[in-house]
Structure formats: C-alpha cells, structure tokens
Amino acid sequence: MAGDPEIHRRGVMFVLSSPSGAGKTTICKRLLAQDDALTLSVSATTRAPRPGEQEGVDYFFKTEDEFLDLERNGGMLEHARVFGNLYGTPRAPVEEALQGGHDVLFDIDWQGTQQLAERAREDLVSVFILPPSVADLEQRLRDRGQDDAETIKKRMNEAFQEMSHWAEYDYAVVNRDLEESVGAVSAILRAERLRRPRQTGLAEFVNAMRGAD
Ligand code: 5GP
C-alpha cells in the first residue's frame, strides 16, 4: 500500500577465509555470479600478479611504498602480512557498497577477519572453508600450476597456520563438493540477510499494520 513504512536492510560484510587451495576463490566467483546484491571487495596487495590475474579485478597491485602510503592515510579497512606480502582492504569501495544497500564479500585471511570483527562485529558474518583432506589441499595447490614447488611447500605450512583459526569463525564449511559448498554458503548469506536486526524499519512496519486494524 502506498505510504506503508518500508523495510530496509543493513548490508552484510560477508567474509570467506580458508587456506589457499581449499576452493574459496571458486566459491566466491560462483556466489558473485548468482547474486546481484553481492559485491566483491577487491583487495590491494604487494605480491606479484599470477598469470591471468587482472589489475582491479583480482587485486590492486601495489608497491610496498604505495600500499603503506594508503594505509597511513586511513585508506585501509584492515591489512595484514600474508606469505611475506602485504594484503589489505581498500576502505572507500566497501563503505560505498554498504551505503548503496549492497552486501560485500571479502576473501581475506584470519588476521583481516579479526580486524573487521573489532571494527564492525554486528555487520560481520564469517565463514571458514576447510579442505576435505591434506592430500586434497596439496593436490589443488599443484593443479593450480601457478606456484613453484618451493612456494607450494611454504603454502602448505601457511595452510596449517590459517586452518588453526577455524574456530574463530561463525560458520565452517568442508568443501567436499563445489555445488554443495556453494549451496551451503548461499544459505548462510540468505539466512543472515533475514536476521531481525538487519531488517531496519520492521517495528514501524508492524506498528503500521496494527494501526490499520
Ligand atoms: P593469494 O596470494 O593466494 O591471492 O592470497 C593469499 C591469502 O591472502 C589468502 O588467504 C587471502 O584470503 C588473503 N588475502 C587476500 N586479500 C586480503 C586482504 O585484503 N586482507 C587480508 N587480511 N588478507 C587477504
């Protein structure tokens, strides 16, 4: 009915973390393709681009000086050193997306997740993606063919470090099957969008109905 109070929604900051090779990037891509209300936060990093990675799509590739300048000027929502490189979330696009009523998807590590939790716990929903086995994780790192043997060994060690933080997350999904994992992660997002405190204007909506009796 015209003039009825509208129910709006506070945007969700939706974090997916996992050791590299657990399938998180594929899950992120699938979620973004099927959900128009979801925007990816493109991180900045000082690591070199991998073959096929595009500036502004996969990452904003920066020198260490450029990155630190941005960080010092308050331009980062969170940042951390991962595998010796700096990674961070540029603040402005996230604030813009949330203000525009979008949910924002973050592919960040446990350190960044902790920083976001300190700043915006109410708006944060975090999911940890676990590999089905160590053998599977190692195989996926090899299949990716983007890193040399030395890097893979280093990444396996880092994977165990990252995995030790699984219990700090709101949800955990074991990625045994891509379709099932995408379904599970979308179900989490769907339910979290419906959380009562995220639906602003509900009280006015219900009061208007009562007034209309
Ligand atoms: P990769 O180099 O494989 O793209 O990413 C390495 C790790 O850095 C992944 O665990 C990824 O989630 C994490 N990462 C990527 N962007 C960010 C970011 O903006 N902040 C933080 N804290 N971690 C990030």
Membrane-span-like helices in the chain: DSSP H runs reaching 30 Å or more (Cα, own axis), mean Kyte hydropathy at least -0.5? none
Quick one: if the Förster radius is 25 Å, what FRET efficiency do residue 85 and residue 174 give, using the C-beta to C-beta distance and rounding to 0.05? 0.35
Rank-order 39-47, 203-211 by packing density, defined as the average count of other C-beta atoms within 10 Å over each peptide's residues, highest first. 39-47, 203-211
Can you check what the net charge comes to around residue 162, using other residues whose Cβ is under 12 Å from the Cβ of residue 162 (Lys, Arg +1; Asp, Glu -1)? -1
Going 7 Å from the Cα of residue 48 toward and past its Cβ, which residues in region 140-167 have a backbone nitrogen under 15 Å from where you end up? 146-152
Kindly report the accessible area of the chain per residue (heavy atoms of protein chains, probe 1.4 Å, no ligands, DNA or RNA), in Å². 55
Whole-percent carbon and sulfur share, accessible surface of region 1-142, 1.4 Å: 49
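Net charge near residue 104: determine it from the other residues with C-beta under 10 Å of the C-beta of residue 104, scoring Lys and Arg +1 and Asp and Glu -1. Mind dumping the intermediate values first?
Numbers: positive: none; negative: 95, 96, 103, 123.
So the surrounding residues net to -4.
Net charge near residue 11: determine it from the other residues with C-beta under 15 Å of the C-beta of residue 11, scoring Lys and Arg +1 and Asp and Glu -1.
Result for the local shell: +1.
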State whether region 48-199 is rounded, prolate or oblate according to the following rule on the C-alpha gyration tensor (a ≥ b ≥ c being the square roots of its eigenvalues): a/c under 1.5 gives rounded; otherwise a/b larger than b/c gives prolate, and the remaining case gives oblate. oblate
Simple label model, 7 Å out from Cα along Cβ direction - residue 212 to residue 187, nm: 3.3
For residue 122, placing the label point 7 angstrom along Cα-to-beta-carbon and taking region 170-197, residues whose amide nitrogen sits under 15 Å are 195-197
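What does the helix-only formula give at 222 nm for the chain: each DSSP H stretch with n ≥ 4 adding -39500 (n - 2.57), the total divided by the residues, and the result rounded to the nearest 500 deg cm²/dmol?
Counting only the DSSP helices, I get -13000 deg cm²/dmol.
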Report the calculated FRET efficiency for residue 139 and residue 9 (r = Cβ-Cβ distance, R0 = 41 Å), to the nearest 0.05. 0.55
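The values are calculated or read from the model by the stated rules, or taken from the named source; none is laboratory data. Computed from a predicted model, the values in this text were never measured in an experiment. Cβ sites come from the backbone with ideal geometry, for glycine too, and all protein chains shown count toward neighbours. Note: accessible area is taken over every heavy atom of the protein model, side chains too, but ligands, DNA and RNA are not part of it. Shrake-Rupley method; radii C 1.70, N 1.55, O 1.52, S 1.80 Å.
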